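Novice: Pasting a structure here, questions to come.
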Amino acid sequence: MTIIKTWLFIGAGLTLATGLSAATFNVPPPASLSLTSAPGGMRVVYQGATNFKYQVQVSSNLNTWSQLASNVAVNRATAIVDVQSTNRPMRFYKASSQVTPFFYKGTFSGAESGSFILLARTNNTTVFLGNNPGRLRGEYSTNLVVGGDDSAGGTFLVNAPGCLQFTASNTITGRFTNSASATGTLAGGQRANVGSFSGYAGIYTGTVSAPHTGPARILLCPDGSFAFYRTDPNFGTKDGGLGTLPPAGPATLDVYLSGSGIMHVAGSLNKVTKVFNLTVHELDNLISIATLTFTEPVF
């Protein structure tokens with residue numbers, strides 16, 4: 001049996017179909033492979049940056065490729081056994097690390113104070129959901145775009161334009177201002193792209209029932225961290241809250257909103273249908289119902 005190994009290094013991020021200047025914080029270094037003959041098949045070791053998606057492919061003729069493994073790297077080295085290699089006279093392997101979406105969780109303080117979760121997509125756009133208890137409100141923004149210098153500028157808090165900086169060391173920092181004398185800072189860290197909710201991570205959207213009718217959404221991280229946000233046009237309010245779903249057992253949530261000790265949202269995630277079934281206990285003691293469906297899977 002002749003084994004031939006090839007390493008194909010792919011510059012992930014060069015294939016993005018976007019007119020935006022490419023960011024670099026979510027572009028991994030090139031991947032590499034090492035091969036060792038082992039009982040049961042060729043032992044293929046993928047080596048690459050952690051928290052990035054990767055793909056290892058195999059071929060017998062360099063023309064037709066099939067997938068041997070695909071996942072998010074939790075270690076810098078990941079071993080895969082190619083059991084089909086024992087039946088092939090020749091095998092080729094290639095690997096790629098891929099531009100990957102990232103979740104960040106952190107806090108902001110100063111003129112505004114609270115907590116947030118941010119999703120940075122692979123097309124350099126972001127979604128920001130936060131809880132601002134100092135103003136008894138939630139925060140939501142989708143207008144931030146990450147540029148080639150890994151920064152994003154815009155209004156991501158109420159009346160608070162500012163700038164966020166994404167770093168290769170898995171952090172996000174920023175500053176915002178309401179006026180010359182009312183400024184604040186923001187800081188957060190990257191969440192793991194694997195966890196109990198890897199298959200459920202992303203954005204859920206729906207509508208809260210009358211009389212507090214309005215759109216609602218949840219941003220859920222793979223580790224179970226989540227941010228809830230809803231608007232109530234009839235009452236002119238915006239509410240938000242952050243929490244964490246339990247890693248085992250029913251995926252239940254119960255979190256108070258916008259710094260209130262009364263208003264809270266409770267319910268659970270149905271992992272079969274990928275739907276959040278929620279009730280909102282309003283400040284006026286009414287109960288609103290919300291059903292949020294999985295509209296933007298991340299992985």
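The values are calculated or read from the model by the stated rules, or taken from the named source; none is laboratory data. Keep in mind the model is a prediction, meaning the values are calculated, not measured. Cβ placement follows ideal geometry from the backbone for every residue including glycine, while neighbour counts extend to all protein chains displayed. Note: accessible area is taken over every heavy atom of the protein model, side chains too, but ligands, DNA and RNA are not part of it. Shrake-Rupley method; radii C 1.70, N 1.55, O 1.52, S 1.80 Å.
Novice: Please find, among ILE262, ILE218, the residue that is buried (at least 19 other Cβ atoms within 10 Å of the Cβ) and among the β-branched types (Val, Ile, Thr). Talk me through it step by step, then tell me what you get.
Specialist: On the way: ILE262 fails: buried (at least 19 other Cβ atoms within 10 Å of the Cβ).
Checking each option against the conditions leaves just ILE218.
Novice: Continuing with this model, one more query. I'd like to check something: does segment 108-120 contain any residue that is open to solvent by less than 30 Å² (accessible area, probe 1.4 Å) and farther than 30 Å from SER258 by Cβ?
Specialist: Within segment 108-120, none of the residues are open to solvent by less than 30 Å² (accessible area, probe 1.4 Å) and farther than 30 Å from SER258 by Cβ.
Novice: For segment 19-39, which residues satisfy the criterion of being modelled with pLDDT under 50 and surrounded by 13 or more Cβ atoms within 10 Å (Cβ to Cβ)? Show your work before the answer.
Specialist: Our first condition is that a residue be modelled with pLDDT under 50; within segment 19-39, this holds for 19-20.
LEU20 - this is the single residue of segment 19-39 that is modelled with pLDDT under 50 and surrounded by 13 or more Cβ atoms within 10 Å (Cβ to Cβ).
Novice: For GLY267, indicate whether it is at positive phi and part of a strand (DSSP E or B).
Specialist: On the way: at positive phi: yes; part of a strand (DSSP E or B): yes.
Yes; evaluated as a whole, the condition is true for this residue.
Novice: Against the definition (touching a Cys at 6+ places or on another chain (Cβ under 7 Å) and either assigned to a loop (DSSP other than H, G, I, E, B) or closer than 26 Å to VAL74 by Cβ (or both)), how does ILE117 come out, yes or no? Step through it out loud before you land on a result.
Specialist: On the way: touching a Cys at 6+ places or on another chain (Cβ under 7 Å): yes; either assigned to a loop (DSSP other than H, G, I, E, B) or closer than 26 Å to VAL74 by Cβ (or both): yes.
Criteria met by ILE117.
Novice: Looking only at segment 124-137, filter to residues that are more than 20 Å from GLY243 (Cβ to Cβ) and either part of a strand (DSSP E or B) or free of Cβ contacts under 8 Å to residues at least 60 places away in the same chain (or both); which one of those is least open to solvent (accessible area, probe 1.4 Å)?
Specialist: Among those residues, the one meeting the criterion is THR126.
Novice: Which one of THR205, THR213 is touching a Leu at 6+ places or on another chain (Cβ under 8 Å) and closer than 30 Å to GLU282 by Cβ? Show your work before the answer.
Specialist: Details: THR213 fails: touching a Leu at 6+ places or on another chain (Cβ under 8 Å).
Step by step, each of THR205, THR213 is checked, and only THR205 is touching a Leu at 6+ places or on another chain (Cβ under 8 Å) and closer than 30 Å to GLU282 by Cβ.
Novice: If you don't mind, another one. Could you list, in sequence order, the residues of segment 271-299 that are more than 25 Å from ARG121 (Cβ to Cβ), part of a strand (DSSP E or B) and open to solvent by 60 Å² or more (accessible area, probe 1.4 Å)?
Specialist: If the condition is that a residue be more than 25 Å from ARG121 (Cβ to Cβ), part of a strand (DSSP E or B) and open to solvent by 60 Å² or more (accessible area, probe 1.4 Å), then ASN277, HIS281, ILE287, ILE289 are the ones that fit.
Novice: Would you mind stating whether SER225 is in contact (Cβ under 8 Å) with a residue 12 or more places away in the chain, small (Gly, Ala, Ser) and either open to solvent by 40 Å² or more (accessible area, probe 1.4 Å) or more than 30 Å from SER169 (Cα to Cα) (or both)?
Specialist: On the way: in contact (Cβ under 8 Å) with a residue 12 or more places away in the chain: yes; small (Gly, Ala, Ser): yes; either open to solvent by 40 Å² or more (accessible area, probe 1.4 Å) or more than 30 Å from SER169 (Cα to Cα) (or both): no.
Answer is no for this residue.
Novice: Residues in segment 203-211: is at least one among the small types (Gly, Ala, Ser), more than 30 Å from ALA49 (Cα to Cα) and either open to solvent by 60 Å² or more (accessible area, probe 1.4 Å) or out of contact with any Ser or Thr (no Cβ under 9 Å at 6 or more places or on another chain) (or both)? Explain how you work it out, then say what you get.
Specialist: Taking segment 203-211 and keeping what is among the small types (Gly, Ala, Ser), we get 206, 209-210.
Those still in the list that are more than 30 Å from ALA49 (Cα to Cα) too: 206, 209-210.
Imposing the further condition that a residue be either open to solvent by 60 Å² or more (accessible area, probe 1.4 Å) or out of contact with any Ser or Thr (no Cβ under 9 Å at 6 or more places or on another chain) (or both) reduces the set to 210.
Yes, segment 203-211 contains a residue that is among the small types (Gly, Ala, Ser), more than 30 Å from ALA49 (Cα to Cα) and either open to solvent by 60 Å² or more (accessible area, probe 1.4 Å) or out of contact with any Ser or Thr (no Cβ under 9 Å at 6 or more places or on another chain) (or both).
Novice: Which of the residues spanning segment 81-94 are among the polar types (S, T, N, Q) and open to solvent by less than 40 Å² (accessible area, probe 1.4 Å)?
Specialist: Pass one, segment 81-94, residues among the polar types (S, T, N, Q): 84-87.
Passing the criteria: only SER85.
Novice: Is it true that THR78 is open to solvent by less than 50 Å² (accessible area, probe 1.4 Å), in a loop (DSSP other than H, G, I, E, B) and farther than 30 Å from LEU283 by Cβ? Show your work before the answer.
Specialist: Values: open to solvent by less than 50 Å² (accessible area, probe 1.4 Å): yes; in a loop (DSSP other than H, G, I, E, B): no; farther than 30 Å from LEU283 by Cβ: yes.
No: the conditions fail for THR78.
Novice: Open to solvent by less than 60 Å² (accessible area, probe 1.4 Å), out of contact with any strand residue (DSSP E or B) (no Cβ under 8 Å at 6 or more places or on another chain) and not polar (S, T, N, Q), is that true of GLY241? First the steps, then the outcome.
Specialist: Details: open to solvent by less than 60 Å² (accessible area, probe 1.4 Å): yes; out of contact with any strand residue (DSSP E or B) (no Cβ under 8 Å at 6 or more places or on another chain): no; not polar (S, T, N, Q): yes.
The answer is no for GLY241.
Novice: Also: Looking only at residues in segment 245-257 that are assigned to a strand (DSSP E or B) and over 17 Å from GLY199 (Cβ atoms), which one is most open to solvent (accessible area, probe 1.4 Å)?
Specialist: Kept after step one, since they are assigned to a strand (DSSP E or B), are these residues of segment 245-257: 251-256.
If we keep only those that are over 17 Å from GLY199 (Cβ atoms) too, we end up with 252-256.
On the way: THR252: 67, LEU253: 13, ASP254: 100, VAL255: 17, TYR256: 116 Å².
By that ranking, first place goes to TYR256.
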